[in-house]
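Okay, so here's the structure we're looking at.
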Amino acid sequence: MAEKKTVRIVLGVTGSIAAFRAADLASAMGKEGWEVHAVLTADGARFLPALTLAALTHRPVHTSLWEEGEGGRMSHLDLAQTADVVVVAPASADFLARTAHGFAGDVLGAVFLATRAPLVIAPAMNSNMWIHPATQENVKLLSSRGVIWAGPAEGRLACGAEGPGRLAPTTAILGVVKKVLQKGKPK
Ligand SMILES: Cc1cc2nc3c(=O)[nH]c(=O)nc-3n(C[C@H](O)[C@H](O)[C@H](O)COP(=O)(O)O)c2cc1C
């Protein structure tokens, strides 16, 4: 009988106040039996320590393009090539702007450009930031390139406002990733 292949997820975490919820998401992904390879932006690390993600995923967290890959390999390309799905949760407005325009100046941006795996983005930001035409143009651009969205949800935001921009619940993000996995990685 063929051995069941382990699902490999790259989980990108950016600088949103909702970043602490990525710890719960990483843990839930681990419970699914998925291998989670976390990538944390520099500002993401201001909200969630790499140590927390490393402890929950049982592996080192990628924080720099300049880290030495195993056997001299380029970690961002390894991550890109071996991922079954790349998930960014929470995704900041700035991350959406950068990736919509192909910026690859950090590990997450480089993985995003180099991978051919399905891309799932769970945005989290203040409502005005979310509905701003600049953000919505970036969303449109990314959608036209096949990005799959998980949320955002509506409700009370960290800033006290009510509206769209809340990070989708962990179960909802997991649900989107499971659907994507059922469809499989494009050849
Ligand atoms: C307290 C605080 C909370 C923030 N929360 C958010 C947020 O929820 N969503 C967002 O898009 N930006 C938020 N920002 C702004 C981002 O951290 C900032 O745009 C940052 O450059 C994003 O970097 P990154 O995308 O490389 O992680 C917040 C900033 C601060 C100081």
inquiry  = I want the local charge near Glu162. Using Cβ-Cβ distances under 14 Å, sum +1 for each Lys or Arg and -1 for each Asp or Glu among the other residues.
reply    = +1
message = To check you understand DSSP bridge types, tell me what percent of the beta bridges within the chain (both residues inside) are antiparallel, rounded to 5.
response = 20
Alpha-carbon Rg with Dmax, taken over region 11-183, Å = 15.0, 49
request  = Quick one: among Met74, Met129, Met29, which has the greatest mean-square fluctuation in a GNM of the chain with alpha-carbon springs under 10 angstrom?
outcome  = Met74
request  = Tell me what the chain gives for mean residue ellipticity at 222 nm when only DSSP H runs of n ≥ 4 count, each as -39,500 (n - 2.57), the sum divided by the residue total, rounded to 500 deg cm²/dmol.
outcome  = -11500 deg cm²/dmol
remark   = Quick shape check on region 1-81: root eigenvalues a ≥ b ≥ c of the Cα gyration tensor, a/c under 1.5 is rounded, otherwise prolate if a/b tops b/c, else oblate, and it reads oblate
key: Shape of region 127-187, Cα gyration tensor, a/c cut at 1.5   = oblate
message = Below 8 Å, C-alpha to C-alpha, sequence gap of six or more: please give me the relative contact order for the chain in percent.
response = 21
request  = List the GluC sites (Glu not before Pro) within region 16-99 that fall in a DSSP loop (any state other than H, G, I, E or B) and whose Cβ has at most 14 other Cβ atoms within 10 Å.
outcome  = Glu32, Glu67, Glu68
request  = Filter the trypsin sites (Lys or Arg not before Pro) in region 11-106 down to the DSSP loop ones having no more than 13 other Cβ atoms within 10 Å, then list what survives.
outcome  = Arg73
key: Thr82, Thr57, ranked by accessible area, largest first (probe 1.4 Å)   = Thr82, Thr57
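The values are calculated or read from the model by the stated rules, or taken from the named source; none is laboratory data. Just so we're clear, the structure is a prediction, and the values are computed from it rather than from any experiment. Neighbour counts run over all protein chains shown; Cβ positions are idealised from the backbone, glycine included. Protein only, heavy atoms only, side chains kept; ligands, DNA and RNA dropped before computing areas. Shrake-Rupley method; radii C 1.70, N 1.55, O 1.52, S 1.80 Å.
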